[in-house]
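The block underneath contains the structure these notes are about, expressed in structure tokens.
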Amino acid sequence: MAKVVIENLIKVYPEKGGSGVRAVNSIDLTIEDREFMVLVGPSGCGKSTTLRMIAGLEEISAGTIRIDGRVINSVAPKDRDIAMVFQNYALYPHMSVRDNMAFGLKLRKFPAAEIEQRVHDAAVLLGIESLLDRKPKALSGGQRQRVAVGRAIVRKPKVFLFDEPLSNLDAKMRVTTRTEISKLHARLGATMIYVTHDQVEAMTMGDRICVMKDGDIMQVATPLEIYHHPANQFVAGFIGSPPMNFLHGIIQSAGSRLVFVENSSATSPMHITLDERLSARGAGRIGQPIVLGIRPEDVHDALSVPNPAPGTTAEVTIEVSEPMGAETYLYLNSGAHAFVARVRGTTSFDSSQRLKVVFQTQNAHLFDPQTQRTLT
């Protein structure tokens, strides 16, 4: 397999009478040999454009892409030793599964015996050996996606590229197929670059995640590093479901600890005492605007916390309760902020009910409201 190195990569789409639309802004990224790298971000962030430049399907405006040490900027897509799995499967409807998987090898004039062996091996690996004589119209969406993956596997490329391959599948099939792709990566030990807008796919599949926004890379790290130590407010809000809550306010001094006071016109705004770690990080921001980021799982029903730390409780209003079974999502309002709590599903809650909640700040973050960077 191969290491992929992207240096100062730029993509500008020409615009009549203007300087053009910049889709990718001077990004640098290294995908290690045998790594599963996920590019994730909202629509228009540049992730698919980056993938298509690696594949050779988009012209590079500036910068360099190397695969296995070889600059491929001017190399034709068929000579880059990559295989791409598309969102819409791109299967030939008049061909059988066997012929769809073998087509690329036949174009390259591989011996018939080797083609048959490669197709058989890939079919066994993907559990579709019984489908080889069917046409695509006789397959389910999940089966078609496996055929598309199989067509890539038989090539034995240096790099596999996946462009939102699960977006056309239903929710249950999406979970099953993403597990199969993760297992496939472990078996093949291949270098894989996977594009998705779904942060759950990114968290569950990637060795590392590259979070993108507006053509820029926001952060590259392991899933847990990104979840627990986001580089900025965008990453913190994008990764996680439900997303992180952001409360705007100022920091005030209270002895050895600091207190976050929400921006509110109410006579009694929420006061949240920060733990020692956050107090140290906010020490230089006393009296200044700040954003407190806290995940829904760190906002608790006070009845479930026997001895809450002093200054960490507040009374709020339940706007919506969403029972999920094992847990319940509570959409709360303090009067100045709407935020979400993820609590145990053992208690029923009613809309408009007043509820005392506890904020546990051990995993919370402080953000600069101007730069949106995490305070460290």
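Before moving on, here are some points about what is shown:
- Percent RCO, i.e. relative contact order, over the chain, from Cα pairs under 8 Å lying at least 6 residues apart: 15
- Once the Cβ-Cβ distance of R134 and T204 is raised to the sixth power relative to R0 = 35 Å, the FRET efficiency obtained is 0.70.
- With all protein chains in place and a 1.4 Å probe, the accessible surface of the chain carries 49 percent carbon and sulfur.
- Contact order normalised by residue count of region 138-286, Cα under 8 Å, 6+ apart, percent: 12
- Antiparallel DSSP beta bridges within the chain, percent to nearest 5: 75
- Degrees between helix 141-153 axis and first principal axis of the chain (Cα, 0 to 90, nearest 10): 60
- Unit Cα scatterers, Debye sum, region 119-235: log10 I(q)/I(0) for q = 0.15, 0.21, 0.23 Å⁻¹: -0.73, -1.22, -1.38
- Nearest 10 degrees, 0 to 90: helix 171-188 Cα axis against the chain principal axis: 60
- Summing Lys and Arg as +1 and Asp and Glu as -1 over all other residues whose Cβ lies under 13 Å from the Cβ of H229 gives a net charge of +3.
- By a 1.4 Å probe calculation restricted to protein chains, D99 has an accessible surface near 60 Å², given to the nearest 10.
- Based on protein heavy atoms only, region 1-59 ends up with 45 Å² per residue of surface accessible to a 1.4 Å probe.
- For the cross-link pairs K3/K183; K156/K213; K106/K156, the ones whose C-alpha atoms lie over 22 Å apart are K156/K213.
- Base-10 log of normalised Debye intensity for region 252-295 (one unit scatterer per alpha-carbon) at q = 0.32 Å⁻¹: -1.33
- Region 289-376: relative contact order in percent, alpha carbon pairs under 8 Å with at least 6 residues between: 40
- Cross-link partners of K137 among aspartates and glutamates (Cα-Cα below 19 Å; sequence separation of 8 or more within a chain): D99, E129, D170
- Label positions at V124 and E276, each projected 7 Å from the Cα along the C-beta direction, are separated by 5.9 nm.
- Mean-position separation - Cα centroids, region 256-301 and region 167-183, in angstrom: 40
- Rounded to the nearest 0.05, the FRET efficiency derived from the C-beta distance between E15 and T64 at R0 = 22 Å is 0.35.
- GNM top mover of R354, R118, R146 - the chain, alpha-carbon springs below 10 Å: R354
- Against the chain, whose longest principal axis is taken from its Cα atoms, helix 112-126 shows a tilt of about 20°.
The values are calculated or read from the model by the stated rules, or taken from the named source; none is laboratory data. Just so we're clear, the structure is a prediction, and the values are computed from it rather than from any experiment. Quick reminder, even Gly has a Cβ in these numbers, built from the backbone with ideal geometry, and neighbours come from all protein chains shown. Side chains are part of the model used for accessible areas, which takes the heavy atoms of the whole protein and leaves out ligands, DNA and RNA. Shrake-Rupley method; radii C 1.70, N 1.55, O 1.52, S 1.80 Å.
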